[in-house]
Amino acid sequence: MSYKGFINCNSRVSKEEQEFYDLKMKAAEYYRANGVPQKLEGVLNDMFFDKPEDIYGYLANYFSKLSSPPVISRLLGKEIYDGKGQLSLQAQVLCIIKNEEKTTCSAVISSHREVLDNSFQDPSGVTNINNDKRRDSVMAALHWIHESLNTILKGSDPCDQTGVDKILSDFFMARYLEDQDIRNREKENPPPSVPVPEPSPPTAPHKDKKGGDKGKKGNSTEKPIPPPEPSELVLPGSMAIGSVSLAVAKTGALLQCLPLYKYIKALRNQQPCPKEMHIPVPLVTLLSCGKMSPGKLNLLDEVIVIPKAGQRLKQPVLPTVSDSGALVVGYERPEQPLDLITEASNNLGLALGKGIHLAVNCAAHNLMDYPKGKYEVITGTPKSPDELVDMYEALISKYPAVVALIDPLRKEDVEQWERLSSVVGASCSLLSDISSKPQCHSSREDTPSLPGVRGYILNQSNETTVTDLIHVTTENNGAVIIGTTCGEPCSDDALSDVVVGLGVGYVKLGGLNRGERLTKYNRLISIEEELAQQGILDSRKQHTSPLFVGETEEQSST
């Protein structure tokens, strides 16, 4: 090799060495800028003194704490079916965790229910209309999730529940206002309509000497009933909001290695570790004697048992089928199912009115026959609002174990609500079901006000977020019962975690004859056992508001 060749060879080697040296300097600067040498030195020193059996597990745990926090990468929506076989929606959250996209949690909320204009429509036609509306709503929700929500939530912190719910609520409000604007324009330019004859006024009641309740007489002159309030608008696609909110809450709980109920409790109380938690008293539906039952009686849509306070959850679960999980039975008079339960309680040695109590969901808004202006309480025996109040007064007097009436009248019959409260309010709580009323933009600011109403039943459906539930239960402390709808998800038991985390006193899950309801009861039992093992179970010995007033409180604790 010539001298020139030797020089060229040395020059080539020097260039490669220089490039390699520059690369090493860049790597050193990169690691130094990110503090890697110091962190490595620190963890190696700690590990030497700790001497863990799993060296690499020790290192993995250490560096996982230093990794970037997870962020939402995208959302997925899926069509599923609820406990009634109706089309529903599942929302799924995917996150970037340690540089990898991972599926975290999914959620399904209660299917919404729309109030029909009247209850005398053709059942098959109503079913087809509802199925079409449900499909349209699910399709709209899928579009929201895969398009708009996917974009606006990308990069969000799944542990920032308040921030995520604010984004969701703002998005929904924008869609809601758009829909209102379209409806207002349609009202300004309505299509030509066909004249509809006015309904005939209510006919005078036919006096039947044999039928009807004896005792108090109804008013001689019938008052015209107030017209029904417009049903609350259910915006197609709104179920995407509640589903995504719950899925994000479950994701946040998973990432923080907390059960969902403790995570929601921390969100509500703004403190990480609650000292004590209690299990809501389950309101168990035993019988259903509503409009869909085979007998003439329509009034007792649900007969609900209220267990004794202070019992473990396994104790009050009684062997008890409607959509709510209760036995559907046909009766002619409201006394018959109550007599049956009284007799069964006596045979079992249960003190009805002391050990256990009853509540009745009347669902009176479904019983109004508007052409007659009366409630079809019993087929062939309509009752005016005043006559219905008299009937409740007699029923509560005969059955003092009934300590709550849910929706005993339409919300429009304000005068009768006030009268009913004055005659039974000392021993019986009046409750209003506001499940169909949106919680995100009305209930927090303007909770429905009815005379004598002590509490409200609501659930998470449509656009109601987890933050909405926290606000409503906080601002109406002691006046909220969380309930379910007829269309409950089959496998999602998150509602049980939610009610424990919210700290409500009661939860209305329905009966024990349907799997989608038993999953929630089973989850409540599991949570109760976890809290007992951790020594933070608060076993309340007395019932709380909104049920039980006056001396009934003392009876329930004996």
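Remarks
- Qualifying residues in region 483-536 (those that are aliphatic (A, V, I, L, M) and not in a helix (DSSP H, G or I)) - the one farthest from Gln270 (Cα to Cα): Leu512
- Among the residues of region 306-348, those identified as at pLDDT 85 or above and surrounded by fewer than 15 Cβ atoms within 10 Å (Cβ to Cβ) are Glu332, Asp339, Glu343, Ala344, Asn346, Asn347.
- Among (1) touching a Ser or Thr at 6+ places or on another chain (Cβ under 9 Å); (2) outside any helix (DSSP H, G or I), the one test that Leu254 misses: (2)
- Residue among Asp468, Asp446 that alone is at pLDDT below 80 and within 25 Å of Asp170 (Cα to Cα): Asp446
- Under the condition of being more than 21 Å from Glu475 (Cβ to Cβ) and either touching a strand residue (DSSP E or B) at 6+ places or on another chain (Cβ under 8 Å) or not in a loop (DSSP other than H, G, I, E, B) (or both), the residues counted in region 264-292 number 14.
Rundown of residues vs (1) in a loop (DSSP other than H, G, I, E, B); (2) touching a His at 6+ places or on another chain (Cβ under 8 Å); (3) modelled with pLDDT of 90 or more, yes/no style:
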position	(1), (2), (3)
Leu44	no, no, yes
Phe49	no, no, yes
Tyr56	no, no, yes
Leu59	no, no, yes
Tyr62	no, no, yes
Pro69	yes, no, yes
Arg74	no, no, yes
Gly83	yes, no, no
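- Matching option when the condition is surrounded by fewer than 16 Cβ atoms within 10 Å (Cβ to Cβ), at pLDDT below 95 and farther than 30 Å from Val414 by Cα, among Asp132, Asp160, Asp117: Asp132
The values are calculated or read from the model by the stated rules, or taken from the named source; none is laboratory data. Quick caveat: nothing in here was measured; it's all calculated off a predicted structure. Using ideal geometry, Cβ is built from the backbone for each residue, glycine included, and neighbour counts are taken over all protein chains shown.
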